[in-house]
Amino acid sequence: MARTFRRKHAQHPISELNVTNLIDLGFTLLIIFMITTSAKQEQSIPVNLPSESRSPQVKPDKDARYVAIAIDAHGNFYLENRPVPVSFSELKVRLHEYATSSRVPIIRIQGDAKLPYEKVVQLMDELKKNNLLKFTLDTQTQN
């Protein structure tokens, strides 16, 4: 009596690929990317804001659009965290664009504490020329 030791079913290669680990890696990298980009956008311009005493704050309007203009200690202008070239004319053009847009923004002026007052007045004069009369002066609070 002869016996065969062959299997009845031939082995087939597994056609499925387990991608669970790759998906976990992708989500981890996505979370790391989201955290680093949001932290970088917070404050990338070295501006030492002037101090003021603590006071009750008014809640900002949820529908308001804000545009940040920072001026560092050397008098360099930054519009929405991007440096403005040496000529003040490009900032004038951008302010005119904001003034003629459908949703006029509120301008956030972030001036360094050591900044000459003349630079802030120069910016405020240009805002007034473009009828951008809603602006805030950013400060840090004292404890």
Notebook entry, point to check: What's the number of the condition VAL84 fails, among (1) at pLDDT 85 or above; (2) β-branched (Val, Ile, Thr); (3) buried (at least 17 other Cβ atoms within 10 Å of the Cβ)?
Noted result: (1)
Next item on the list: Check off (1) within 23 Å of the chain's Cα centre (by Cα); (2) in a helix (DSSP H, G or I); (3) farther than 16 Å from LEU137 by Cβ; (4) modelled with pLDDT of 85 or more for LEU123 and give me the number that stays unchecked.
Entry: (3)
Item checked: Residues being touching a residue at least 12 places away in the same chain (Cβ under 8 Å) and either of a type in the set (Val, Ile, Thr) or touching a Gly at 6+ places or on another chain (Cβ under 9 Å) (or both) - total across the stretch 100-111 -> 4
Next item on the list: Among residues belonging to the stretch 21-61 that are part of a helix (DSSP H, G or I) and of a type in the set (Val, Ile, Thr), point out the one that is modelled with the lowest pLDDT.
Entry: THR37
Note to self: When you check ILE69 against the structure, is it within 19 Å of LEU137 (Cβ to Cβ) and either among the aromatic types (Phe, Trp, Tyr) or at pLDDT below 85 (or both), yes or no?
What the structure shows: no
Next item on the list: For the stretch 72-116, enumerate the residues that are part of a loop (DSSP other than H, G, I, E, B) and under 16 Å from THR136 (Cα atoms).
Entry: GLU80, VAL104, PRO105, ASP112, ALA113
Checklist line | Test: residue in the stretch 63-86 that is among the acidic types (Asp, Glu) and in contact (Cβ under 8 Å) with a residue 40 or more places away in the chain | finding: yes
Next item on the list: Report yes if LYS119 is in contact (Cβ under 8 Å) with a residue 24 or more places away in the chain and farther than 13 Å from ALA68 by Cβ, otherwise no.
Entry: yes
Note to self: What's the number of the only condition in (1) over 27 Å from GLN57 (Cα atoms); (2) in contact with a Ser or Thr (Cβ under 8 Å, 6 or more places away or on another chain) that GLN140 fails to meet?
What the structure shows: (1)
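The values are calculated or read from the model by the stated rules, or taken from the named source; none is laboratory data. Predicted model only: the values in this text are computed from it and were never measured. Counting neighbours? That spans all protein chains shown, and the Cβs are built from the backbone with ideal geometry, glycine included.
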